[in-house]
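Asker: Mind having a look at this structure? Questions to follow.
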Amino acid sequence: MNILISGGTGFIGVNLVKKLLNQNVLILTREKKKNIKNIKYFKCNLSKPDSYRKQIKKFKPEILIHLAWEELPNYNLRISNINFQNSKNLIEEVSKIKSLKKILISGSCFEGNNLGKKINEKSTFQNKNYFSSAKTLLKNWVFEFHKKTNVEVAWIRIFYAYGYGQRKNSLIPSLIKAKINQSKIKIKTPNDVCDFIYIDDVISFFKILIKKKFRSNIFNLGSGKPTKVINICKKILGNDFKNLCIIDKNSKIKNYYWADISKIKKLYDYNTKVSLDNGINNLMKNYEH
């Protein structure tokens, strides 16, 4: 199977590619990288379709997995607009290729506002920043664009994914670093409630959609379990919590929601396999300074 991936060198992409060594994979990347077995890298610029048009046409992809979203966690207007246009251009170009059957796109729980509850795929979202506006615009556009085609689109709304390859300044890596180095860490949103899902569980769902047929749809991808940020701090810091953790007492709740994953349970018998405790333990055992 020919699989075209954008964002293949990012957090989710790197972990996904490791599980696709038996497929023919072409990764569009900004940097030159060495090919590995069936995994080939092609240096290009997503803002310039001419830089990749011939290559993807020659490759004849059956699946596009679009993960690219540059300069995260920069959510300003300029970057959001660039990412929307790059995404739209890539999808339009790939959709011209007759071999294409599926598009898998990474969405985000940051698409909407703080709903204060479990949310399903039909929950009403109100865009809270330029990033969420751009993501929502892309989602609406891609479903409308492919209404009259035979290409199926999966919008995978990923909640708080964590694991190997995550940005080091993210919550869990920062806490692990503080624990190991015995350094203090300030937590700005201790009372936020989030849905944490281990990267291996994220990748397992992508593999399901690669293998199985589906109708165009939105899929929530999380653990389905709410976890308070301060409880994550206590899990990781343990007995050092009081000494190392500086809590912002004036903090306001910014995020308070978690995923309703009943759809993917029903359709694919999907459940996460790695508990939050086990995921954190795995990371702490293999922590890289």
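Asker: Might you let me know whether segment 90-109 holds any residue that is in a helix (DSSP H, G or I), within 15 Å of the chain's Cα centre (by Cα) and either assigned by TED's automatic domain parsing to the domain that holds VAL151 or surrounded by fewer than 14 Cβ atoms within 10 Å (Cβ to Cβ) (or both)?
Answerer: Looking only at segment 90-109, we keep the residues that are in a helix (DSSP H, G or I), and these are 90-95, 109.
Applying the additional criterion that residues be within 15 Å of the chain's Cα centre (by Cα) yields 109.
Right, trim to either assigned by TED's automatic domain parsing to the domain that holds VAL151 or surrounded by fewer than 14 Cβ atoms within 10 Å (Cβ to Cβ) (or both) and you get 109.
Yes: segment 90-109 contains one or more residues that are in a helix (DSSP H, G or I), within 15 Å of the chain's Cα centre (by Cα) and either assigned by TED's automatic domain parsing to the domain that holds VAL151 or surrounded by fewer than 14 Cβ atoms within 10 Å (Cβ to Cβ) (or both).
Asker: Right, next: So which of GLY238, GLY224 ends up being under 23 Å from the mean Cα position of the chain (by Cα) and on the phi > 0 side of the Ramachandran plot?
Answerer: Sole residue among the options that is under 23 Å from the mean Cα position of the chain (by Cα) and on the phi > 0 side of the Ramachandran plot: GLY224.
Asker: Can you tell me how many residues within segment 40-79 are assigned to a helix (DSSP H, G or I), surrounded by fewer than 22 Cβ atoms within 10 Å (Cβ to Cβ) and not acidic (Asp, Glu)?
Answerer: Final tally of qualifying residues: 11.
The values are calculated or read from the model by the stated rules, or taken from the named source; none is laboratory data. Not measured: the values here are computed from a predicted model. All Cβ positions, even for glycine, are placed from backbone atoms using ideal geometry, and neighbour counts span all protein chains on display.
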